[in-house]
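The structure appears right after this line, and notes come after that.
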Amino acid sequence: MFRRVLIANRGEIAQRIIRACRELGIESVAIYSEADADSIYLRQADDTICVGPAPGAKSYLNIPAIISAAEIADVEAIVPGYGFLAENSHFAEVCRSCNIQFVGPDPETIEALGNKANAREMAIRAGVPVVPGSDGPVEDEEEAMRVARDIGFPVMIKASAGGGGRGMRVASNDPSLINAFHAARSEAEAAFNDSTVYLEKFVENPRHVEIQVLGDRFGKVVHLGERDCSVQRRHQKLIEESPSPALGQKQREAMGKAAVAICKEANYHNAGTVEFLLDRNGDFYFIEVNARIQVEHSVTELVTGIDLIHQQLLLAGGEPLSFSQDDIRTDGHAIECRINAEDPSRDFQPSPGMVDLFVPPGGPGVRVDSHCYSGYRIPSYYDSMIGKLMAHRSDRRQAIATMLRALDEFVIDGPKTTISLQRRILEHSDFRAGEHDTGFVERYFSSLTRISS
Ligand code: MV4
């Protein structure tokens, strides 16, 4: 196993990785920007190195600075967490050429899956259901028209280099398709320097269900069940849970098998997530693979009892998976609320600044992963997540009750937060019935996303 690793991240996930390192007897080196010099995770790491000024591009995304820090700190591996450089195949390649183990999939796998049209083709090769659509990229508007007429409107035009909701357009007829095609292309060119797009049938108000996977270097891949992330707004997840209230046992097993098949096709190593859309009929379709650990990984940790950060480190160190699919059991129900320093009544405008008082909830069935403390100043340079609040109980009803109790208990004085909105969602009859889809937040809480009069 590694003796010493560098964590190329900040905040909650840096702290989460430091904890896992300590438990495995691995020394951790934390990096920080000038804006994060007062972060608590720096006290928990074995060593710290400043990698640059506040803007992410000059610090947490600064590859030369991070590689230099890794060389100076004499680490054997770099743990990227989520965001920043986590899915940057170039960074993974630089790590390899410097003889530093990147804790994630191989650069070739990150590259192959980062191209969504290519990932779709891999899914088809693996025999996994995809949304009806184009065979690979669509070159011009004539081809777009042919595909759209073949599969039927409405269709979605997606940037191959996109993902997570960026670079997507919906078209309902021929004229709007021409507009959407060119708009998607130029948006993709501007955002990703790659104008490649592909077409899919538009699935209206789907549920968003994803499968956690782990793969070792010996070709073994297992899945750890699903997370339902249908409670989101503009592609920002607000609440995640496992198991999904929308999935039956047969579908769950089929989705898990599909996720494993794609990962085998992609030669996937380490922790990853395979995203699916689930429609009203209960049919599911592959959409993309996230080649990293995700924010909501902890929901899966609670129901499976498997520490995913431990697994990432062990697998990157070349260990074989120590368990098989049949050894994985799930227990009870877990829900996570992402607590963001944002004002839901002001279009989720970030609310950084001083946290005067921070008193996290506790007690039975509660877990809080947060880097925040009383007197911490939330910098305005990074995402606005203050922490993750989780409830784990024997069933969904009890998990909701515990989450509501914990949200009430949570004291965060200073910034505006998403807590009040999350409480209202958990109290909503559609959510309680497990009948919500990805349109739920925008439909019922749109009044909260505008400046109230
Ligand atoms: C779709 C879709 C419907 N039809 N693809 C969003 C993020 C990215 N991972 C893919 N996403 C979607 N792809 C087809 N063919 C719906 C989504 C989607 C979504 C779309 C609009 C509003 C919220 C959404 C939440 C999850 C997924």
Problem set entry | Residue that is surrounded by the fewest Cβ atoms within 10 Å (Cβ to Cβ), among those in the stretch 216-234 that are within 14 Å of the ligand (Cβ to nearest atom) and either without any contact (Cβ under 8 Å) to a residue 60 or more places away in the chain or of a type outside the set (Val, Ile, Thr) (or both) | Arg234
Problem set entry | Asp437 being acidic (Asp, Glu), on the phi < 0 side of the Ramachandran plot and in a loop (DSSP other than H, G, I, E, B) | yes
Seminar exercise, completed: Selection over the stretch 1-28 where residues are open to solvent by less than 60 Å² (accessible area, probe 1.4 Å), under 19 Å from Cys372 (Cβ atoms) and among the charged types (D, E, K, R) yields a count of 3
For this session: Could you please tell me which pairs satisfy a Cβ distance under 9 Å, a separation of 6+ or placement on different chains, a first residue in the stretch 190-215 that is assigned by TED's automatic domain parsing to the domain that holds Lys158 and at negative phi, and a second residue that is near the ligand (Cβ under 9 Å from one of its atoms) and at pLDDT below 95?
Result: Ala191/Gly162; Ala191/Arg166; Phe192/Gly162; Phe192/Arg166; Val197/Gly162
For this session: Filter the stretch 271-285 down to the residues that are farther than 13 Å from Leu247 by Cβ and open to solvent by less than 30 Å² (accessible area, probe 1.4 Å), then identify the one that is nearest to the ligand (Cβ to nearest atom).
Result: Glu275
Exercise. Out of Glu296, Glu301, which single residue is within 16 Å of the ligand (Cβ to nearest atom) and closer than 22 Å to Ala334 by Cα?
Worked result: Glu296
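Table: residues versus (1) among the polar types (S, T, N, Q); (2) in the same structural domain as Ser195 (by TED's automatic domain parsing); (3) farther than 24 Å from Asn205 by Cα.
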site	(1), (2), (3)
Gly114	no, no, yes
Arg125	no, no, yes
Pro137	no, yes, yes
Glu142	no, yes, yes
Asp150	no, yes, no
Phe153	no, yes, no
Ala159	no, yes, no
Gly162	no, yes, no
Arg169	no, yes, no
Exercise. Could you say which residue among Pro360, Pro344 is open to solvent by less than 20 Å² (accessible area, probe 1.4 Å), in contact (Cβ under 8 Å) with a residue 40 or more places away in the chain and over 22 Å from Glu435 (Cα atoms)?
Worked result: Pro344
Problem set entry | Which numbered condition Pro107 fails, given (1) open to solvent by less than 30 Å² (accessible area, probe 1.4 Å); (2) modelled with pLDDT of 95 or more; (3) out of contact with any Ser or Thr (no Cβ under 6 Å at 6 or more places or on another chain) | (3)
For this session: Sort out which residues of the stretch 195-211 are among the charged types (D, E, K, R) and open to solvent by 50 Å² or more (accessible area, probe 1.4 Å), and write them in order of number.
Result: Lys201, Glu204
Seminar exercise, completed: Scanning the stretch 235-244 residue by residue, the ones that are in a strand (DSSP E or B) and within 16 Å of the ligand (Cβ to nearest atom) total 6
Exercise. Restricting the search to the stretch 125-136, which residues are more than 21 Å from Arg280 (Cβ to Cβ), surrounded by 17 or more Cβ atoms within 10 Å (Cβ to Cβ) and not hydroxyl-bearing (Ser, Thr, Tyr)?
Worked result: Ala126
Exercise. Are any of the residues in the stretch 166-181 surrounded by 18 or more Cβ atoms within 10 Å (Cβ to Cβ) and more than 16 Å from the ligand (Cβ to nearest atom)?
Worked result: no
Exercise. Do we find that Pro105 is within 16 Å of the ligand (Cβ to nearest atom), closer than 28 Å to Ala254 by Cβ and not aliphatic (A, V, I, L, M) in this structure?
Worked result: no
Exercise. Given (1) within 23 Å of Gly83 (Cβ to Cβ); (2) touching a residue at least 40 places away in the same chain (Cβ under 8 Å); (3) open to solvent by less than 10 Å² (accessible area, probe 1.4 Å), where does Gly256 come up short, assuming only one miss?
Worked result: (1)
Exercise. How many residues are open to solvent by less than 10 Å² (accessible area, probe 1.4 Å) and assigned to a loop (DSSP other than H, G, I, E, B) when one looks only at the stretch 29-53?
Worked result: 1
For this session: Look at Arg185 and say whether it is within 10 Å of the ligand (Cβ to nearest atom), in contact with a strand residue (DSSP E or B) (Cβ under 9 Å, 6 or more places away or on another chain) and either of a type in the set (Lys, Arg) or at positive phi (or both).
Result: no
For this session: Could you please let me know if Ile293 is among the β-branched types (Val, Ile, Thr), touching a helix residue (DSSP H, G or I) at 6+ places or on another chain (Cβ under 9 Å), surrounded by 22 or more Cβ atoms within 10 Å (Cβ to Cβ) and part of a loop (DSSP other than H, G, I, E, B)?
Result: yes
Seminar exercise, completed: Counting only residues in the stretch 380-406 that are under 18 Å from Ser429 (Cα atoms) and touching a strand residue (DSSP E or B) at 6+ places or on another chain (Cβ under 8 Å), the one most open to solvent (accessible area, probe 1.4 Å) is identified as Gln398
Exercise. Only one of these conditions is not met by Asp326: (1) out of contact with any strand residue (DSSP E or B) (no Cβ under 8 Å at 6 or more places or on another chain); (2) open to solvent by less than 20 Å² (accessible area, probe 1.4 Å). Which number is it?
Worked result: (2)
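The values are calculated or read from the model by the stated rules, or taken from the named source; none is laboratory data. Computed from a prediction, not measured in an experiment: that's the story for all the values here. Cβ sites come from the backbone with ideal geometry, for glycine too, and all protein chains shown count toward neighbours. For the accessible areas, the whole protein counts, side chains as well, though only heavy atoms, and no ligand, DNA or RNA atoms are used. Shrake-Rupley method; radii C 1.70, N 1.55, O 1.52, S 1.80 Å.
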